[in-house]
Amino acid sequence: VNPIQLFDAESSTYTYILAAPDSRDAVIIDPVDRHFARDLAHLERLGLHLTHVLETHAHADHVTSAGRLRAHTGASACVPSGCGIGPAEMQLEDGDTVAFGAREHIAVIHTPGHTAGSMCYLWRGNLFTGDTLLIDGCGRTDFQSGSAADLYDSVTRKLFTLDAATRVWPGHDYRGQSVSTVGWERDHNARLARRERDDFIALMAALDLPRPKLMDVALPANRQLGLPADLPHGA
């Protein structure tokens, strides 16, 4: 059972649709507001019923469509508990599971580092890593309660200990890559493979990245599931 991978070229964000093989139920991970109609069309074309909208963190580079999708489909919004996204039905904690379909379960893994609340999701050998682990890279750690030390620990102690064949589906890609494996990233990731913790912290501190252009718009909006503050439930 393969995830459906969708791309937003403006922010290089990946959105994922997971379809239960035993029912019409489906889950979407990290939807992007400008692709609201596209994502609904995918669900309709495939005859799927959206039950959950999952966020890996509160994004700084795009606005989510979680609130609009919830209002349109009746799906439950599921967010990391440490991200300050108040209107969601489910505030997820490390070790939780999100159940959909007749027998499908998504495991919730708290992976602080890119942000303090960041989560990864594991389903049927597929790991959705958000901005925690990218293909041959990782998310930045210099804002939103980010911590290079925490990210190193999250990846090396939680993600790299998973089965090597586990497929890695990142939250972003800037180089035309779509999927990797835990084993490949553990052995080859340019920022993390065979790098000591202190060396990684120094590397991340020296990146000097520009501030996300949409940050002042995206963060407040995403804490309301992408909806205006006076419409927290998509009314």
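The values are calculated or read from the model by the stated rules, or taken from the named source; none is laboratory data. Since the model is a prediction, treat every value here as computed from it, not as a measurement. Cβ coordinates were reconstructed from backbone atoms using ideal geometry, including for glycine residues, and neighbour counts include every protein chain displayed. Calculation scope for accessible area: heavy atoms of the full protein, side chains included, ligands and nucleic acids excluded. Shrake-Rupley method; radii C 1.70, N 1.55, O 1.52, S 1.80 Å.
Taking the Cα atoms only, what angle lies between the long axis of helix 36-45 and the longest principal axis of the chain, rounded to 10 degrees?
70
What does the C-alpha gyration tensor say about the overall shape of segment 136-181? Classify as rounded when a/c is under 1.5, otherwise prolate if a/b is larger than b/c, or oblate. Could you put the intermediate results ahead of the total?
Working: a/c = 3.10, a/b = 1.21, b/c = 2.57.
Oblate is the answer for segment 136-181, as a/c is 1.5 or above yet b/c matches or exceeds a/b.
What number, in percent, do you get for the relative contact order of segment 1-108 if the mean sequence gap of Cα pairs under 8 Å and at least 6 apart is divided by its residue count? All intermediate terms of the calculation are to be shown ahead of the outcome.
Details: 198 pairs, mean separation 23.7, N = 108.
Over segment 1-108, the number comes to 22 percent.
How do the peptides 66-74, 179-187, 41-49 rank, highest first, by the average count of neighbouring beta carbon atoms within 10 Å per residue? Walk me through the numbers on the way to the answer.
Details: 66-74: 20.2, 179-187: 18.7, 41-49: 13.8.
Averaged packing, sorted descending, gives the order 66-74, 179-187, 41-49.
Keeping all protein chains in place, calculate the accessible area per residue for the chain (probe 1.4 angstrom), answer in Å².
In whole numbers, the chain has 42 Å² accessible per residue.
Report in % the part of the accessible area of segment 100-172 that belongs to carbon and sulfur, leaving out ligands and nucleic acids; probe 1.4 Å.
Details: 1090 of 2230 Å².
Carbon plus sulfur share of accessible area: 49 percent.
Compute the projected area of the convex hull of the Cα atoms of segment 143-235, averaged over all viewing directions, and report it in nm² to one decimal place. Numbers along the way, then the final one.
Numbers: hull surface 32.8 nm².
Seen from a random direction, the Cα hull of segment 143-235 projects 8.2 nm² on average.
Mean separation of Cα pairs under 8 Å and 6+ residues apart, divided by the residue count of the chain: what relative contact order is that in percent? Before the final figure, lay out the partial values.
Values: 520 pairs, mean separation 45.7, N = 235.
Once divided by the residue count of the chain, the mean separation gives 19 percent.
Given Cα pairs under 8 Å that are at least 6 residues apart, what percent is the relative contact order of segment 153-235? Spell out each step's value before the answer.
Working: 48 pairs, mean separation 13.1, N = 83.
Reported relative contact order: 16 percent.
Kirkwood Rh, the chain, all Cα pairs: how many Å?
17.6
How many angstrom lie between the Cα centre of segment 140-171 and the Cα centre of segment 97-111?
Value for the Cα centre distance between the two parts: 19 Å.
Averaged over all directions, how much area does the convex hull of the C-alpha atoms of segment 17-61 cover when projected, in nm²? Spell out each step's value before the answer.
Values: hull surface 13.1 nm².
With every direction weighted equally, the projected area is 3.3 nm².
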